[in-house]
Every structure is written in structure tokens, then in C-alpha cells.
Amino acid sequence: MFSAPHDWPTRLPSLADAYAPWLRDHGSLTARIQQRCTQFAVQTMRSGDARIAFDESNVLEIPSRQFAYSREVFLLADGQPVVFAHSACTLQSLRGAWRSMRGLGNRSLGSLLFTHPLVTRQPLHYQALRSTHPLYRRAANALRNPPPILYARRSLFTLHHAPLLVTEVFLPEILRLPK
């Protein structure tokens, strides 16, 4: 089991109260959004081999300069982006346990993670992302007036001992969804 140190804490950042119900939920984020909108969609921004952030390499226990597989999508509720999701796994895992990642297309990763009986999830970690963080910048591309902070959570999923790191950045529009 992977137990690499996370740079992100396991407690919510201060001032995240409005986002707390979304950040703390341990179930399928996709299912929760689908319950609160008429039309749900996944918009794939990129997927393929990439150099991932140092803190992600650390969690996946690979050298920081080594390529990994990365997928980035926006989750849309009634046409509005509400979450920017970034996932990463080693290339070895992509050829093995996580090979179905390549065929997801515009389907939600949650459709795989929360239906496979052998997938396990480690605890959630949280971060208040500022404009200097690469994930903030990519998430903010969907926003006209990005706020100074975007709240994110991250967790490590494993399948057959292969790690998959999933980071979800919550966009302000998510607060407009019915509770």
C-alpha cells in the first residue's frame, strides 16, 4: 500500500465553510453533482503522458522528472463548469490496473472508481490553491473572474496495489447547485 507523504493536510483550510459539504463528501462527486442538476457532462481537456507536479510525484513514489499519465477534465452541471478534476498514475499502472483510464473519453472517472469492488481510497487531503499553483491556473481557465483562492481535495485510490491520485478543484459555480 502506498503511504508516501502528502504535502496537503487532512484538515480543511480555513475559510472553506461554504465548500465544506462538497470537500468532505467521501462518495462519488459525479453522483452528487448529477443529483443536483438536469444535465451532467464531462469535458476532457487533456489526457496522456505528462510531467506531473513534484508533490504528485512524491505521493505516487516516482521520480519528479519521470513521465506519468495525466487526465484533466471539467465536470459540467447544466453547461457550467463546477469542478476541475486532475488524475495521475504511473505509466506502469496505466498498462496494468488502471488501463481502463485510457478509454474513459468524456465519461466520468467516478463511474470506474465507485463501481469497481477492488478499488480502495485513502483519506482525503485538502488545499487552498492560489494563482501560483499550476492546478489553480488550469482550473481558472474556465472562469471569467477567478477568485483569489480555489479549494481542492485530493485522494489516492489503489487497485491491485497500483496508485491513482485524483485531485478535484471546486469552482465557485458549484455553490449555486441545490443542496
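If Asp55, Asp25, Asp78 are ordered by their accessible area, calculated over protein heavy atoms with a 1.4 Å probe, which sequence runs from highest to lowest?
Per-residue accessible area, sorted high to low, gives Asp78, Asp25, Asp55.
At a temperature of 10 °C and a viscosity of 1.306 mPa s, determine how fast the chain diffuses translationally according to Stokes-Einstein, using the Kirkwood radius over alpha-carbon pairs as Rh; express D in µm²/s, rounded to the nearest whole number.
97 µm²/s
Springs between alpha-carbon atoms under 10 Å, Gaussian network over the chain: tell me which of Ala18, Ala68, Ala88 tops the mean-square fluctuations.
Ala18
Net charge near Trp22, counting Lys/Arg +1 and Asp/Glu -1 over other residues with Cβ under 13 Å of its Cβ?
Here the charged neighbours net out to +2.
Looking at the chain as a GNM with Cα springs under 10 Å, which of Leu143, Leu29, Leu165 has the largest mean-square fluctuation?
Leu143
Could you give each residue of region 106-123 its phi-based ³J(HN,Hα) in whole Hz, using Karplus coefficients 6.51, -1.76, 1.60 with θ = phi - 60°, and x for Gly or Pro?
Values, residue by residue: 9, 8, 6, 5, x, 5, 8, 5, 9, 10, 7, x, 9, 6, 10, 10, 7, x Hz.
May I ask for the net charge around Arg71, where only other residues with Cβ less than 10 Å from the Cβ of Arg71 are counted and Lys, Arg are +1 while Asp, Glu are -1?
+1
Mind jotting down the distance between the C-alpha centroids of region 110-158 and region 64-97, whole Å?
Centre-to-centre (Cα) distance: 10 Å.
For region 127-140, take each phi angle, set θ = phi - 60°, evaluate the Karplus expression 6.51 cos²θ - 1.76 cosθ + 1.60, and give the result in whole Hz per residue in order, putting x for glycine and proline.
Working through the residues one at a time gives 7, 8, 8, 9, 4, 7, 7, x, 6, 4, 4, 6, 5, 5 Hz.
At a probe radius of 1.4 Å, what is the per-residue accessible area of Val119, in Å² to the nearest 10?
The accessible area comes out at roughly 20 Å².
From the residues Ala53, Leu113, Leu129, which one has its Cα farthest along the dipole of the chain in the positive direction, the dipole being from +1 and -1 charges on Cβ of Lys/Arg and Asp/Glu about the Cα centre?
With unit charges placed on the Cβ atoms, the residue in question is Leu113.
So which trypsin sites (Lys or Arg not before Pro) in region 11-119 are both in a DSSP loop and have at most 11 other Cβ atoms within 10 Å of their Cβ?
Arg11, Arg65
At 222 nm, what helix-only mean residue ellipticity would the chain give, in deg cm²/dmol to the nearest 500, using -39500 (n - 2.57) for each DSSP H run of four or more?
-4000 deg cm²/dmol
If the chain between His116 and Asp25 were fully stretched, how many nm would it gain, using 0.36 nm times the residue separation less the Cα-Cα distance?
30.9 nm
Calculate the dipole size of the chain relative to its Cα centre from +1 charges on Lys and Arg beta carbons and -1 charges on Asp and Glu beta carbons; express the result in debye to the nearest 20.
About 220 debye.
What's the local net charge at Leu165, with K and R +1, D and E -1, over the other residues with C-beta under 13 Å away?
-2
Whole-Hz ³J(HN,Hα) for each residue in region 22-37, computed from phi via Karplus 6.51 cos²θ - 1.76 cosθ + 1.60 with θ = phi - 60°, x for glycine and proline: what do you get?
6, 5, 7, 4, 9, x, 6, 5, 4, 4, 5, 5, 4, 5, 10, 9
The values are calculated or read from the model by the stated rules, or taken from the named source; none is laboratory data. Just so we're clear, the structure is a prediction, and the values are computed from it rather than from any experiment. Cβ coordinates were reconstructed from backbone atoms using ideal geometry, including for glycine residues, and neighbour counts include every protein chain displayed. These accessible areas exclude ligands, DNA and RNA; they are computed on the full protein's heavy atoms, side chains included. Shrake-Rupley method; radii C 1.70, N 1.55, O 1.52, S 1.80 Å.
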